[in-house]
1. Give me the residue from the range 25-40 that is exposed (fewer than 13 other Cβ atoms within 10 Å of the Cβ) and in contact (Cβ under 8 Å) with a residue 12 or more places away in the chain and, out of that set, farthest from residue 226 (Cα to Cα).
2. I'm trying to understand the selection: among the residues of the range 212-262, which are surrounded by fewer than 23 Cβ atoms within 10 Å (Cβ to Cβ), of a type in the set (A, V, I, L, M) and not in a helix (DSSP H, G or I)?
3. Looking at the range 268-280, can you tell me whether even one residue there is assigned to a loop (DSSP other than H, G, I, E, B) and open to solvent by 20 Å² or more (accessible area, probe 1.4 Å)?
4. For the range 161-179: of the residues being of a type in the set (Phe, Trp, Tyr) and farther than 17 Å from residue 237 by Cα, which is modelled with the highest pLDDT?
5. Of everything in the range 291-309, what is assigned to a loop (DSSP other than H, G, I, E, B) and surrounded by fewer than 12 Cβ atoms within 10 Å (Cβ to Cβ)? Give them in sequence order.
6. Residues of the range 111-160 being among the polar types (S, T, N, Q) and either at pLDDT 90 or above or part of a helix (DSSP H, G or I) (or both), which ones?
7. Considering only residues of the range 185-211 that are among the β-branched types (Val, Ile, Thr) and not in a loop (DSSP other than H, G, I, E, B), which is surrounded by the fewest Cβ atoms within 10 Å (Cβ to Cβ)?
8. Keeping to the range 108-143, report how many residues are under 15 Å from the mean Cα position of the chain (by Cα) and of a type in the set (A, V, I, L, M, F, W, C).
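The values are calculated or read from the model by the stated rules, or taken from the named source; none is laboratory data. If you're wondering where the values come from, they're calculated on a predicted model, not measured in any experiment. Cβ sites come from the backbone with ideal geometry, for glycine too, and all protein chains shown count toward neighbours. Heavy atoms of the whole protein, side chains included, go into the accessibility calculation; ligands, DNA and RNA do not. Shrake-Rupley method; radii C 1.70, N 1.55, O 1.52, S 1.80 Å.
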Amino acid sequence: MFQTLYNYFWWERLWLPVNLTWADLEDQDGRVYAKASHLYITLPLAFLFLVVRHLFETYVATPLAGLLNVKEKIRLKATPNAVLEKFYAATTKHPKQAEVETLSKKSGCTVRQVERWFRRRRNQDRPSLLKKFREASWRFTFYLIAFIAGMAVIVDKPWFYNLREVWKGYPIQSMLPSQYWYYVIELSFYWSLLFSIASDVKRKDFKEQIIHHVATIILISFSWFANYIRAGTLIMALHDSSDYLLESAKMFNYAGWRNTCNNIFIVFAAVFIITRLVILPFWIMHCTMVYPLELYPAFFGYYFFNFMLVVLLLLHIFWAYLIIRMAQKFITGKARGGPGAARGSQPRGGTLLRGEGAVVEDERSDREETDNSEEEEEAAKNGPLSNGHPVLNNNHRKTD
């Protein structure tokens, strides 16, 4: 049974053009070809990456956060309440007004106290500023090193300058040691991202991130199995070219270096759009879709490889939409809720842009909710407070 499935999976017509077999890719005359067994090492290396990441975040990123004066916001903890905690964990973190009133009766708290409890409890679950800075520092370091290494691997190759060279002699193209290590390191890193995604900072595009990691792992692995190595190295280097810019912008954002953050973000937006919405579809995908058909008839591997590239392109379009929205707010100086709307809250991750006094937030992030509980309690008893004293004004409007 297992052998039958194995034979079907590695059926040559799935992976190779017509009239070619795995025997054509056997190592001979000092030439080494890509094999699936070469990638087995990526799984243990992924766990090694997690260990290295922990050491990096502890002994490099944390001291760096101190040097950059990354300040943590003090959060008030929600008072232990079994009724509210059970509803929070089992039902929803954002109860509707009717549910709030019901919980108020069950818990013995006022409606305002229930609303305040849920705000504080949600804030407790949000990642700390230090956690976000450490994560961004780790990714920035890897992406920068990977981009430099990727360029070193491909910049002296003829297919870097002439994309038709990508398919010259395909699939009888021997593997270079530099290509092997570039693939192994990239694939190991993306495995580590997939393994740690549950504990990493979660944003609104959490599902898209999972799809991206899975699609990337499948694309890297498949390109290796089918000996699409030349195209694969170009695609990996292309994607690494903008990622380190985004992570560095996040780091400066968390450190409060707004102008530096904004300037880096503008560069990131330009590089992202040029590489992923121009070079990827009009050069790389043209290379993978058109040129191979000049050499051999389309086969399953051809369709599958290009399908995964389309999936990545759709994700890039989604993220480009968010980036353009942010850039538009930056240029026009408009922010959600108007200027100063976010003064009382610290955005949850991502990049801040400031234009003409307005704060523009990462479209993938949600804001940390403000909590002025003590002022609310005093206001409920004595009216609004000013510098700790009641304001003698009967025409005020209570705010929450």
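1. If we filter the range 25-40 for residues that are exposed (fewer than 13 other Cβ atoms within 10 Å of the Cβ), which is where we start, we get 26-31, 36-37, 40.
Checking the rest, the ones that are also in contact (Cβ under 8 Å) with a residue 12 or more places away in the chain come to 31, 36.
Numbers: 31: 16, 36: 9 Å.
Once the filter is applied, the top-ranked residue is 31.
2. Listed by number, the list holds a single entry, 255.
3. Going residue by residue through the range 268-280, those that are assigned to a loop (DSSP other than H, G, I, E, B) are none.
Among the residues of the range 268-280, not one is assigned to a loop (DSSP other than H, G, I, E, B) and open to solvent by 20 Å² or more (accessible area, probe 1.4 Å), which makes the answer no.
4. Start the filter on the range 161-179 by keeping residues that are of a type in the set (Phe, Trp, Tyr), which leaves 161, 167, 170.
Keeping just the survivors that are farther than 17 Å from residue 237 by Cα gives 167, 170.
Working: 167: 92, 170: 86.
Looking at the filtered set, the residue picked out is 167.
5. As a first pass, look at the range 291-309 and keep what is assigned to a loop (DSSP other than H, G, I, E, B): 295-299.
Within the range 291-309, just 297 meets the criteria.
6. 113, 123, 124, 137, 141
7. Step one: of the range 185-211, the residues among the β-branched types (Val, Ile, Thr) are 185, 197, 201, 210-211.
Those still in the list that are not in a loop (DSSP other than H, G, I, E, B) too: 185, 210-211.
Details: 185: 19, 210: 14, 211: 16.
So, considering only residues that are among the β-branched types (Val, Ile, Thr) and not in a loop (DSSP other than H, G, I, E, B), the one surrounded by the fewest Cβ atoms within 10 Å (Cβ to Cβ) is 210.
8. So the answer is 5.
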